[in-house]
Every structure is written in C-alpha cells, then in structure tokens.
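Have a look at the structure below, then the notes.
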Amino acid sequence: QQQQQQQHGSQMQQRQTDARKAGLARGATVVEEEIAIELGGIPDRWTKAEVSALLRGCSSGRGRNLCDIAMLPQSGEGRARLRFTSSATARELYKELVDQKVAGRPLQLAWHGPGGEDLAAEVDRESALKRRRADMRTVIIHIDELPMPRRPEAAPAPTDREVWVDPLSSAFGEHEEVYRVPDPRGDGEPSERGYVRFSTHEAAVKCVEIGGGAWSESERVLASQPSRGVPS
C-alpha cells in the first residue's frame with residue numbers, strides 16, 4: 001500500500017510537470033502557487049470597479065500584473081481577493097496598502113502565498129522607520145545661542161546695528177525690529193531672547209556698552225558673505 005501511495009504521488013508530480021511544460025509551450029501564464037492579498041475593511045457595497053479604483057491610486061497597483069479581483073461574500077463588510085502573477089508586485093502593493101484607510105477605517109490585509117513571514121517583518125521595519133521619522137523635528141540653533149568661551153574681541157563695524165539680547169527685557173533704545181528665537185525645549189514658541197535691530201549704530205552701541213546685549217555674530221557672518229550676484 002505504501003508503494004502504491006508513493007507511485008501515485010510520483011504520477012501526480014509528473015502530471016503537474018507535464019502540464020506546466022505544456023502551458024509554457026502554448027505561451028500561457030502558469031501560476032505554480034497562488035499569490036493573493038485578501039482585502040477587508042472596505043464598504044460592503046463596493047464592486048470590482050471601486051476596488052480597481054483604489055488600486056489605481058497605488059504606484060504598484062496599476063493592474064498590469066493583477067490576475068483577478070474576486071469579491072468575497074461577507075455580511076456587513078466588503079472583502080475582495082486580489083490574485084497576482086508577480087510576487088514582487090503583490091509585495092509592493094501590500095506594503096502600500098498598509099496604514100491606508102477607506103471611509104475613515106483602516107484596511108484589513110491578509111497575505112496568501114510564500115514569504116509571508118519575511119513580508120510581515122519587512123512591513124514592521126518600515127512602519128518603525130516611519131514612526132521614527134514622524135517623531136523627528138527640525139531645531140534651528142542660531143550662532144549666538146552657542147557657547148563661545150573663546151569669543152574674540154572685535155570692534156563693531158560702523159554699519160552694525162544688530163544686538164543679541166538675553167533676556168530681551170534688558171534691551172532699550174529705538175529699534176526697527178525684534179526677533180524672538182524659538183525655544184528649542186518647547187513647541188517652537190518664541191522665547192525671551194533674540195535679536196534686536198536698532199535704528200542706528202549709535203543706539204546699538206549704547207545697548208552693548210551698558211551690558212544689555214552683545215554684538216550679533218549672525219550679522220557679522222552674513223555681512224562677510226559675498227553677495228552671490230544678488231543686487232543690493
């Protein structure tokens with residue numbers, strides 16, 4: 001009996017091999033193992049047309065390598081099965097559909113085919129990377145905020161009018177503009193320190209002389225840069 005089962009298995013394998021060769025000889029598309037995505041969480045009124053429209057919005061879901069869209073019967077919820085001839089296209093589409101929502105509800109995805117564990121691990125890595133990027137923020141640090149214990153003493157130029165003041169309440173004199181730098185420890189709200197651009201060089205000198213602030217290194221750096229062809 002065991003020999004008969006082995007012979008039967010060998011015959012089945014041979015028939016599958018013969019069918020595959022015959023299909024290739026005819027130029028037919030042969031899917032050795034089904035690769036499919038089961039899509040849930042869509043409105044129950046959806047048809048193939050709506051599912052196709054959803055896939056067209058994905059860069060890898062143009063439908064070129066999509067075998068078939070089959071709507072699955074489900075009470076109160078729409079479901080569809082997407083069958084593919086290309087595993088690579090199916091994987092990319094699966095990753096694009098992760099975290100997508102329809103009518104405010106997240107899609108439910110189930111992978112059918114080889115490589116499911118590897119795909120799940122890849123999705124987890126990419127999701128973690130997205131979360132880290134979302135948590136990142138840009139913090140602008142102005143040169144005058146940096147500690148400069150060896151700051152060289154340099155006489156101001158006759159055109160210097162900008163003073164770094166910390167806190168801003170110590171500044172006085174007629175000025176044109178006050179810029180409060182964002183607080184890097186908060187949510188970007190303006191802090192109590194920043195730059196004061198005085199109306200005249202003499203007003204800026206008085207503020208520095210009484211200890212109200214220090215000459216702006218930012219202004220000096222910008223003034224030392226070439227105009228780069230920008231008309232004055």
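The values are calculated or read from the model by the stated rules, or taken from the named source; none is laboratory data. Just so it is clear, the model here is predicted, and its values are computed rather than measured. FYI the Cβ positions are ideal-geometry reconstructions off the backbone, even for glycines, and counts take in every protein chain you see. Side chains are part of the model used for accessible areas, which takes the heavy atoms of the whole protein and leaves out ligands, DNA and RNA. Shrake-Rupley method; radii C 1.70, N 1.55, O 1.52, S 1.80 Å.
Let's see how each residue does on (1) touching a strand residue (DSSP E or B) at 6+ places or on another chain (Cβ under 6 Å); (2) at pLDDT 80 or above; (3) assigned to a loop (DSSP other than H, G, I, E, B); (4) of a type outside the set (S, T, Y):
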residue	(1), (2), (3), (4)
A121	no, yes, no, yes
R133	no, no, no, yes
P152	no, no, yes, yes
V181	yes, yes, no, yes
D187	no, no, yes, yes
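Filter the range 75-114 for residues that are over 12 Å from G40 (Cβ atoms) and part of a loop (DSSP other than H, G, I, E, B) and give the result.
The first filter runs over the range 75-114 and keeps only residues over 12 Å from G40 (Cβ atoms), leaving 75, 83-96, 98-101, 103-104, 111-114.
Hits for the range 75-114 are S75, T85, S86, V98, D99, Q100, A103, G104, G113, P114.
Identify all residues within the range 79-107 that are in contact with a strand residue (DSSP E or B) (Cβ under 9 Å, 6 or more places away or on another chain), hydrophobic (A, V, I, L, M, F, W, C) and under 21 Å from S127 (Cα atoms); write none if there are none.
Pass one, the range 79-107, residues in contact with a strand residue (DSSP E or B) (Cβ under 9 Å, 6 or more places away or on another chain): 79-87, 89-91, 93-94, 97-103, 105-107.
Now restrict to residues that are hydrophobic (A, V, I, L, M, F, W, C): 80, 82, 84, 90, 93, 97-98, 102-103, 107.
The answer is A90, L93, L97, V98, V102, L107.
All but one of (1) open to solvent by 50 Å² or more (accessible area, probe 1.4 Å); (2) within 30 Å of the chain's Cα centre (by Cα) hold for L93, so report the exception by its number.
So the condition that L93 fails would be (1).
A171 - would you say it is more than 30 Å from G41 (Cα to Cα), open to solvent by less than 90 Å² (accessible area, probe 1.4 Å) and touching a residue at least 24 places away in the same chain (Cβ under 8 Å)?
yes
Conditions (1) at pLDDT below 90; (2) open to solvent by less than 70 Å² (accessible area, probe 1.4 Å); (3) over 13 Å from R161 (Cβ atoms), marked per residue:
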| position | (1), (2), (3) |
| --- | --- |
| P184 | yes, yes, yes |
| S191 | yes, yes, yes |
| K206 | no, no, no |
| G211 | yes, yes, yes |
| E219 | yes, yes, no |
| L222 | yes, no, no |
| V230 | yes, no, yes |
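Looking at the range 39-53, can you tell me whether even one residue there is at pLDDT below 90, among the polar types (S, T, N, Q) and under 29 Å from the mean Cα position of the chain (by Cα)?
There is at least one residue in the range 39-53 that is at pLDDT below 90, among the polar types (S, T, N, Q) and under 29 Å from the mean Cα position of the chain (by Cα).
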